[in-house]
Every structure is written in structure tokens, then in C-alpha cells.
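The values are calculated or read from the model by the stated rules, or taken from the named source; none is laboratory data. Note that the structure is predicted; figures quoted are calculated from it, not measured. In this analysis, Cβ positions are derived from the backbone assuming ideal geometry, glycine residues included, and neighbour counts consider all displayed protein chains. The area values use the complete protein model at the heavy-atom level, side chains included, leaving out ligands, DNA and RNA. Shrake-Rupley method; radii C 1.70, N 1.55, O 1.52, S 1.80 Å.
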Amino acid sequence: MFKRSLLRATALLALTAATPFATWAQAFPAKPIKLVIAFPAGGPTDITMRQLAENASKILGQPVIIDNKPGAGGTLPAQALQTAQPDGYTIAQIPLGVFRLGYTTKINWDPLKDINYVINVTGYAFGIVVPADSPFKNWADFVAYAKANPGKLTYGSTGNLTSPHLTTELVAQKAGIQLQHVPYKGSADLMLAVVSGQLMAAADSTGFAPQVEAGKLRVLNTWGEKRLAKFPDAPTLKELGYDIVQNSPFGIGAPKNTSPEVVKKLHDAFKQAMEEPSYVAALGRYDMLPDYKSSAQYAKFAQDTVAREKVVIEKLGLAKPQ
């Protein structure tokens, strides 16, 4: 009799212990979710992610609030995950720069082990632009000036060790030229600098589209597999003889110990949000496209990218001793 009572008590205790977690996971979300993004308000990342967050809010039944944390090459949101509670209420954009951190900066966390990869959502369309009154009418003019004036041609990007910075340096290396890089926190400040003539060129996502369409900037090249429909006269890097395609996919991550049930709810909501016409239209303003990867596919992409970025960092001589 005592043994049966003990077994019943043990079973009841186990059920009681499991119930709060199961109930909590089932009830998620019960309050607003914070989505930390890596670039300032007003740029293409902010605009497209706000639309995605708005769509996801309707699906989840709670607001998804954008928190802009620009700087540090787009890695601050990933760093914020390291101290956030693993409850699903703090999630973050994971730009490609996160996968370079282990080679360029001394950190006490691992981008592969310490982030729970939820879903990949899109990637950028990039290019190099110059002021409309620039003497550089095409890429050949740009290269010729840089060769004649080593280190004097200034260009800006959205930060040190970002995809625009590293890709431009890789192109420069292949072209045999030296450029002077000036980092900015986001596209808005960068575009203001190049339009006003503070910079001779800018490497950026197609947040430059409005300035090009307004006749203030000229596109010298783009970085996709094919020419962009919006800028059909601008050649790709491959057409210019550089075997480079860069679209810098990015997605959303959560703290590493976030429960699988919560990760699945977030994944499912953002996948549905990606499919809404409003999000596709927001991406289309910047020649961006939905780029879905499931949680498992995104984690595998992260693993592959860390290995690939190591090669790029070492080739450019930017690896720092750990």
C-alpha cells in the first residue's frame, strides 16, 4: 500500500513539474516580443523588418517591437542574445557579419553554439554608387583613378567587417587597387555622405535606389548573379571579371536555450509573415527577395558560412590573433 502511494505521489509530482512549462510554452506569447535589428531606422533593413514584424504581430497576437541597435558591424543584436532570457521575448536579426566575429574579434561566446537559429528571411541586393556629377562614368574609370592614386579614393560602407566593406576590399584586391574605407552606422548616414560629396563612392545595399532614381547617384556595378531590373545598365561583378556574388542572407535568432516549442511558434509565425504580399512588396522596393530557410537549414547555413568566411578574412589579412 505504501509503495503504491509513493508511486502515485511521484507520478503526480512529475506531472505537476511538467505542467507549468507545457502550459507556458502553449500560451506563448503572452506579452510583446522585442526584435533587435542591426541597422538604424529609415534604411532598407529597418523598413523591411518593420513590415515583417507587423505581419508577425497579427499572427502571434502580440506586438513584435523593433529595437534598432546599429554599430559594431551589425553584430550588436547577436551579442544582445547572449544576456537575454531564453523565453522567446527577445529575438534578433543575424547579419552575415556575426559569422566573422570569431576571426576578427575576441568574444567569449560562439556564434554557432550560442544562438538558436529560428528562420532565414531574405538577403540584400548590393552595389557601388558614386555621385551623379562624379568623373567616374563607369567601373573602368573608377579602377583607373584608384590605380593612379593609391589609397586616395574614398568609399563608405555600413560598417567595418560588414559584407559591403569586405566584398569591396576583395574586389579591390582582385583589381589591384587600394581604397580608403570610411565606416558608417547605416544607409541613411552613408547616402547623405556620398550625395553631399563627402565620399567619392559608397558600397551599400540598394537603399541607394531613391537617390539613383532622383538623379543624385550613379550605379557602377551590382553584386547579384544577374543584373537588377531596376538598374539594367549596371553590370554585375561577374560581368566585370570578378567571380563574386554577394547577397548576404540574414534571418532571426533566439537565445541558445530557448525551448523547441517556442522556436517553432516563432518560426511558423515569421514564415507565414514572409508570405504576406505586404512583405514581398516591401522587399521589392530594394530589389530584395524572400529567402526562406527553416530552423535546421538556417543552422546548417550558419555552420557552412562560418567556414567560408574564415577563408575570406584570411585572404584579406584581417584575422586578429585570439
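So for region 265-275 (the condition being open to solvent by less than 70 Å² (accessible area, probe 1.4 Å), small (Gly, Ala, Ser) and without any contact (Cβ under 8 Å) to a residue 60 or more places away in the chain), does at least one residue qualify? Within region 265-275, not a single residue is open to solvent by less than 70 Å² (accessible area, probe 1.4 Å), small (Gly, Ala, Ser) and without any contact (Cβ under 8 Å) to a residue 60 or more places away in the chain. The set of residues in region 134-143 being free of Cβ contacts under 8 Å to residues at least 60 places away in the same chain and assigned to a loop (DSSP other than H, G, I, E, B) consists of PRO135 alone. Residues in region 195-223 that are within 13 Å of THR167 (Cβ to Cβ) and at pLDDT below 95: SER205 alone.
Total residues in region 31-46 satisfying the condition of being surrounded by fewer than 18 Cβ atoms within 10 Å (Cβ to Cβ) and modelled with pLDDT under 95: the figure is 2. In the set (1) closer than 23 Å to THR48 by Cα; (2) of a type outside the set (Ser, Thr, Tyr); (3) touching a residue at least 40 places away in the same chain (Cβ under 8 Å); (4) open to solvent by 40 Å² or more (accessible area, probe 1.4 Å), VAL280 fails one condition alone, (3). For ALA146, the conditions (1) more than 23 Å from VAL245 (Cα to Cα); (2) open to solvent by less than 40 Å² (accessible area, probe 1.4 Å); (3) free of Cβ contacts under 8 Å to residues at least 40 places away in the same chain all hold with the exception of (1).
Against the criterion of being among the hydrophobic types (A, V, I, L, M, F, W, C) and more than 17 Å from the chain's Cα centre (by Cα), ALA229 qualifies.
Among the residues of region 149-201, count how many are part of a loop (DSSP other than H, G, I, E, B) and either of a type in the set (Lys, Arg) or in contact with a Phe, Trp or Tyr (Cβ under 9 Å, 6 or more places away or on another chain) (or both). First the steps, then the outcome.
Of all residues in region 149-201, those part of a loop (DSSP other than H, G, I, E, B) come to 149-153, 158-162, 176-179, 184-186, 196-200.
If we keep only those that are either of a type in the set (Lys, Arg) or in contact with a Phe, Trp or Tyr (Cβ under 9 Å, 6 or more places away or on another chain) (or both) as well, we get 152-153, 158-159, 177, 179, 185-186, 199-200.
Matching residues across region 149-201 total 10.
Within region 218-239, if we keep just the residues that are among the β-branched types (Val, Ile, Thr) and under 16 Å from ALA172 (Cα atoms), the residue that is surrounded by the fewest Cβ atoms within 10 Å (Cβ to Cβ) turns out to be THR236. Filtering region 174-187 to residues that are surrounded by 15 or more Cβ atoms within 10 Å (Cβ to Cβ), farther than 20 Å from LEU217 by Cβ and either in contact (Cβ under 8 Å) with a residue 40 or more places away in the chain or touching a strand residue (DSSP E or B) at 6+ places or on another chain (Cβ under 6 Å) (or both) leaves only ALA175.
Name the residue, out of ASP67, ASP141, that is within 21 Å of ASP189 (Cα to Cα) and among the acidic types (Asp, Glu). Even if it seems obvious, please write down each step before you answer.
Numbers: ASP141 fails: within 21 Å of ASP189 (Cα to Cα).
Of ASP67, ASP141, the one residue that is within 21 Å of ASP189 (Cα to Cα) and among the acidic types (Asp, Glu) is ASP67.
Of all the criteria given as (1) at pLDDT below 95; (2) farther than 25 Å from GLY102 by Cα; (3) not β-branched (Val, Ile, Thr), the one not satisfied by HIS267 is (1).
Considering only residues that are in contact with a Pro (Cβ under 8 Å, 6 or more places away or on another chain) and of a type in the set (Phe, Trp, Tyr), look in region 249-298 and name the one that is nearest to SER205 (Cα to Cα). Among those residues, the one meeting the criterion is TYR286. VAL98 fulfils the conditions (1) farther than 23 Å from LYS34 by Cβ; (2) of a type in the set (Val, Ile, Thr); (3) crowded, with 20+ Cβ neighbours inside 10 Å except for a single criterion, (1).
Please tell me if ILE59 is modelled with pLDDT of 95 or more and farther than 19 Å from PRO255 by Cα. If you could, list the steps in order and put the result at the bottom.
Numbers: modelled with pLDDT of 95 or more: yes; farther than 19 Å from PRO255 by Cα: yes.
Against the criterion (modelled with pLDDT of 95 or more and farther than 19 Å from PRO255 by Cα), ILE59 qualifies.
Give the residues of region 83-92 that are of a type outside the set (Ser, Thr, Tyr) and either more than 11 Å from the chain's Cα centre (by Cα) or surrounded by fewer than 24 Cβ atoms within 10 Å (Cβ to Cβ) (or both), sorted by residue number. ALA84, GLN85, PRO86, ASP87, GLY88, ILE91, listed by residue number. In region 149-173, the qualifying residues are those that are out of contact with any helix residue (DSSP H, G or I) (no Cβ under 8 Å at 6 or more places or on another chain) and polar (S, T, N, Q), and the one that is surrounded by the fewest Cβ atoms within 10 Å (Cβ to Cβ) is ASN149.
Scan region 102-130 for residues that are of a type in the set (A, V, I, L, M, F, W, C) and either within 30 Å of ALA209 (Cα to Cα) or in a strand (DSSP E or B) (or both) and jot them down. Show your work before the answer.
Taking region 102-130 first, the residues of a type in the set (A, V, I, L, M, F, W, C) are 107, 109, 112, 115, 118-119, 121, 125-126, 128-130.
Hits for region 102-130 are ILE115, VAL118, ILE119, VAL121, ALA125, PHE126, ILE128, VAL129, VAL130.
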